[in-house]
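The values are calculated or read from the model by the stated rules, or taken from the named source; none is laboratory data. No experiment lies behind these values; they were computed from the predicted model shown. Here the Cβ is made from the backbone with ideal geometry for all residues, glycine too, and neighbour counts use every protein chain on show. We work out accessible area using only protein heavy atoms, side chains counted, and drop any ligands, DNA or RNA first. Shrake-Rupley method; radii C 1.70, N 1.55, O 1.52, S 1.80 Å.
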Amino acid sequence: QVQVAESGGGLVQPGGSLRLSCVASGSISMYNVDWWRQAPGGPRDLVARILTDGSINLASFAKGRFTISRRNAEATVYLQMNNLRPDDTAVYYCNVWQRENNWGQGTQVTVAA
């Protein structure tokens, strides 16, 4: 089983940027990795996905503002978020998956003036 830890969340003003990190306990080269988010009272939504071959999928709200990248040698996946808006406020979760899901505990992102 893979242990997953997110970091990099915090409070940022609208228009600001954050970079979230997802660090796994072992090699991630054979795993796909997602970033999801969940706002209070809302569903958990897929934000971005990066597959083992490097293919990327971004949610429509993330296109043009967020990028996802992976460094397999460091067992880390990043989510760079630019031009943040108040409706980006949520807990952001990383999921490292292949046949099974391995979720982290999440990191809070708050966008407010």
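Report the charge-dipole magnitude of region 5-113 in Debye, nearest 20, computed about the Cα centre from +1 at each Lys and Arg Cβ and -1 at each Asp and Glu Cβ. Present the calculation step by step, with values, prior to reporting the outcome.
Numbers: 10 positive and 8 negative charges, 33 e Å.
Value, rounded to 20: 160 debye.
Quick one: pull the percent of accessible area on the chain belonging to carbon and sulfur, 1.4 Å probe, ligands and nucleic acids left out. Please list the in-between numbers first.
Working: 2780 of 5850 Å².
Result for the chain: 48 percent of the exposed heavy-atom area is carbon or sulfur.
Normalised by the residues of the chain, what does the relative contact order come to in percent, with Cα pairs under 8 Å and at least six apart? Write out the running numbers ahead of the final one.
Numbers: 280 pairs, mean separation 43.4, N = 113.
After rounding, I find 38 percent.
Please give, to one decimal in nm, the separation of the simple spin-label points placed at residue 46 and residue 3, each 7 Å out from Cα toward the Cβ.
Simple spin-label model gives 2.9 nm for this pair.
What is the spread of the Cα atoms of the chain along each of their three principal axes, largest first, in whole Å?
Projected onto its principal axes, the Cα set of the chain covers 40, 25, 22 Å.
With a Förster radius of 22 Å, plug the Cβ-Cβ distance of residue 112 and residue 30 into 1/(1 + (r/R0)^6) and report the FRET value to the nearest 0.05. Could you put the intermediate results ahead of the total?
Numbers: r = 39 Å, r/R0 = 1.77.
Calculated value: 0.05.
For residue 17 and residue 99, calculate 0.36 nm times their separation in residues minus their Cα-Cα distance, and state this gained length in nm to one decimal.
Details: separation 82, 0.36 × 82 = 29.52 nm, distance 3.28 nm.
Taking 0.36 nm per residue and subtracting the Cα distance, the gain is 26.2 nm.
Roughly speaking, what is the stretch gain from residue 69 to residue 53, that is 0.36 nm per residue apart minus the C-alpha to C-alpha distance, in nm to one decimal?
Details: separation 16, 0.36 × 16 = 5.76 nm, distance 1.17 nm.
My answer for the length gained is 4.6 nm.
Give me the dipole magnitude in Debye, nearest 20, for region 37-101 about the Cα centre, with unit charges on the beta carbon: positive for Lys and Arg, negative for Asp and Glu.
80
On full extension of the chain, what length is gained from residue 61 through residue 83, given 0.36 nm per residue of separation minus the C-alpha to C-alpha distance?
So the extension gain works out to 6.8 nm.
Counting only heavy atoms of the protein chains, get the accessible area per residue of the chain (1.4 Å probe) and round it to a whole Å² value.
On the way: 5850 Å² over 113 residues.
For the chain, the per-residue accessible area is 52 Å².
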